[in-house]
Amino acid sequence: MSCARVYDCDKEESREDGALNPWTQVDKFRLKSEEALAQTEGLDYVIVRPATIYGIGDKQGLTPRLIIGAVYKELNEKMKLLWTADLRMNTVHISDVCRALWHLRNVGQRGEIFNLCDKGHTTQGVISTLVSELFQIEHDYFGTILSNLARVNMTSAVEESNEKHLAPWSTACTRDGIENTPLSPYIDKELLYNKHLSVNGTKIESTGFRYEVPEVNMKLLKEIVEDYVTMNIFPPSLVPWKILA
């Protein structure tokens, strides 16, 4: 399994033959792994490139943004984000990813590449609105001009932002008796640039596959948080709704 961040960060939807320009060092190695598979004689394989994966068990997709929303509830401040609401952050639910992998095991042809992306055309605005409603906070955007100024010294801006988020998260964990957690509000610098994750995931449907989760919604994000609260790795004091046992 690769990732849709191997594509160029264009507003237009990336198809499987789209231009490649990996975003991060990890994504560069994902692409190299794809190339290595193609050079392995006799290997039967299929490559999938999912958009941002979310759902129960997710730690790196939307979960850092959920945690940041919880942090701003702790701080009692408005959550402000770089760029604008229109920044594309396409998504796919983990259940559809698992189903797709099993489906392609049976119908995929050697060397084929398939994108995985839901029908929601998810943007930063969609995610931020859901997170804000979930944690009962307000949010806004710095906009293009201020965000471009921050980009001049993005390393410093991201370090400052991560430090601001890590301290109250640690405080809440300590208060709720959580000694260790794999969850973190930390976000890599490369993921905060003005890069669109816009993916066309329809090719796999020509093989008979159907997505069961058409778009991200409040219920699905709640499930993620509640699962982690139950595991005692997310501070329940930051959750503004009642979690049923």
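Some observations on this one:
- Residues located in region 48-62, provided they are charged (D, E, K, R) and open to solvent by less than 30 Å² (accessible area, probe 1.4 Å): ARG49, ASP58
Each row is one residue, and each column tells you yes or no for (1) more than 22 Å from GLY120 (Cβ to Cβ); (2) touching a Leu at 6+ places or on another chain (Cβ under 7 Å); (3) open to solvent by 60 Å² or more (accessible area, probe 1.4 Å).
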residue	(1), (2), (3)
GLY18	no, no, no
LYS32	yes, no, yes
VAL46	yes, yes, no
PRO64	no, no, no
ALA70	yes, yes, no
ARG99	no, no, yes
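- Among the residues of this structure, ALA167 does not count as one that is touching a helix residue (DSSP H, G or I) at 6+ places or on another chain (Cβ under 6 Å) and in a helix (DSSP H, G or I).
- The set of residues in region 204-245 that are at pLDDT 95 or above and aromatic (Phe, Trp, Tyr) comprises PHE209, TYR211, TYR228, PHE234.
- Scan of region 109-134 for residues that are under 28 Å from ALA38 (Cβ atoms) and open to solvent by 20 Å² or more (accessible area, probe 1.4 Å), ordered by number: GLN109, ARG110, GLY111, GLU112, ILE113
- Within region 12-61, tally of residues that are of a type in the set (Phe, Trp, Tyr) and not in a loop (DSSP other than H, G, I, E, B): 2
- For beta carbons closer than 9 Å, sequence separation of 6+ or different chains, a first residue in region 36-47 that is farther than 15 Å from PHE114 by Cα and a second that is at pLDDT 95 or above and loosely packed, with under 11 Cβ neighbours inside 10 Å, there are no qualifying pairs.
- Summed over region 76-130, the residues that are in a helix (DSSP H, G or I) and under 13 Å from the mean Cα position of the chain (by Cα) give a count of 5.
- Among residues of region 135-145 being part of a helix (DSSP H, G or I) and either under 15 Å from MET218 (Cβ atoms) or touching a residue at least 12 places away in the same chain (Cβ under 8 Å) (or both), the one that is most open to solvent (accessible area, probe 1.4 Å) is THR144.
- In this structure, GLY201 does satisfy being outside any helix (DSSP H, G or I), at pLDDT 95 or above, of a type outside the set (D, E, K, R) and closer than 26 Å to ASP8 by Cα.
- Here the condition is being of a type outside the set (Gly, Ala, Ser), closer than 25 Å to GLY57 by Cα, in a helix (DSSP H, G or I) and at pLDDT below 95; of ASN162, ASN148, it holds for ASN162 alone.
- Selection count, region 206-222, where residues are in contact with a Ser or Thr (Cβ under 8 Å, 6 or more places away or on another chain) and part of a helix (DSSP H, G or I): 0
- Checked across region 57-70, the condition of being basic (Lys, Arg), free of Cβ contacts under 8 Å to residues at least 40 places away in the same chain and closer than 22 Å to GLU190 by Cα holds for no residue.
- Close pairs (6 angstrom Cβ cut-off, 6 or more residues apart or separate chains): touching a residue at least 60 places away in the same chain (Cβ under 8 Å) in region 82-111, open to solvent by 50 Å² or more (accessible area, probe 1.4 Å) and among the polar types (S, T, N, Q) anywhere: TRP83/ASN194
The values are calculated or read from the model by the stated rules, or taken from the named source; none is laboratory data. From a predicted model like this one, the values you see are computed outputs, not experimental measurements. Using ideal geometry, Cβ is built from the backbone for each residue, glycine included, and neighbour counts are taken over all protein chains shown. Remember, those area values only see protein heavy atoms, side chains included, never the ligands or the DNA or RNA. Shrake-Rupley method; radii C 1.70, N 1.55, O 1.52, S 1.80 Å.
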